[in-house]
Amino acid sequence: MKKVLVINGPNLNLLGTREPAQYGHETLADVERMCLAAGARLEVEVECRQSNHEGALIDWLHEAGREVAAGRMLGVVMNPGAYTHTSVALHDAIKGASVPVIELHISNVHAREEFRHHSFVSPAARGIIVGLGVKGYPLAIEALVRTSESHTGEAS
Ligand code: DQA
């Protein structure tokens, strides 16, 4: 069974108590349970990780690139948090590791402050899911699975 890695970036460990009007009441553990359930339904193995440290996120993208190249992983669903808007290094890591990434944001960043409108990650991502709340996570996993099928020429 192929794997999908779900990576949550800075401050997403605070889900549930952090600005619930923006991010809802579900905790990171709730989100990870939703991701594992989506994996079971879609017949992929899902692993979830979270870090507040940019370098850890970069190391995980490199590792994921190696797993994709070895045929063991489809790619990554990533909520890069605020690093979305600041990190050329995440952009370079995704491109450098040739790892398919679905970028995800819980809130609709385009309806918020202007500094959230630009993403360094988006130009390197396969696709983007924005503003659907935590329900976006299972959708992003499904998007990665379905688009990987079409990338390998299998029927969708
Ligand atoms: C976020 C949006 C970012 O602007 C913010 O810095 C986050 C969370 C989201 O999921 O909506 O940490 O990525």
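Every number here is computed from the coordinates shown, using simple stated rules; none is lab data. Keep in mind it's a predicted model, so treat the numbers as computed, not measured. Using ideal geometry, Cβ is built from the backbone for each residue, glycine included, and neighbour counts are taken over all protein chains shown.
Counting beta carbons within 10 Å around each of F115, F120 and listing the fewest first gives the order F115, F120.
Provide the net charge surrounding A97, with neighbours chosen by a C-beta distance below 11 Å and charges set as Lys +1, Arg +1, Asp -1, Glu -1. Its environment carries a net charge of -2. Using only the Cα atoms of the stretch 22-133, build the gyration tensor, take square roots of its eigenvalues as a ≥ b ≥ c, and label the shape rounded, prolate or oblate: rounded if a/c is under 1.5, else prolate if a/b is larger than b/c, else oblate. Cα axes put the stretch 22-133 in the oblate bin. With helices as the sole contributors, the chain gives -12000 deg cm²/dmol at 222 nm; each DSSP H run of n ≥ 4 counts as -39500 (n - 2.57), and the sum is divided by every residue.
Taking a straight line from the alpha carbon of K95, these aspartates and glutamates sit under 20 Å away, with near neighbours fewer than eight places off in the same chain left out: E54, D59, E63, E67, E103. Using the Cβ of V134 as centre and a radius below 12 Å, the other residues enclosed give a net charge of -1, where K and R count +1 and D and E count -1. Does a label point 7 Å from the Cα of A37, set along Cα-to-beta-carbon, have any residues of the stretch 112-140 with amide nitrogen under 19 Å, and which are they? The answer is 132-140, whose backbone nitrogens lie closer than 19 Å to the label point.
Taking a Cβ cut-off of under 15 Å around A82, the surrounding Lys, Arg, Asp and Glu residues balance to a net charge of -2, with basic ones at +1 and acidic ones at -1. Ranked by how many other Cβ atoms sit within 10 Å of their own Cβ, fewest first, the residues E142, E103 fall in the order E142, E103.
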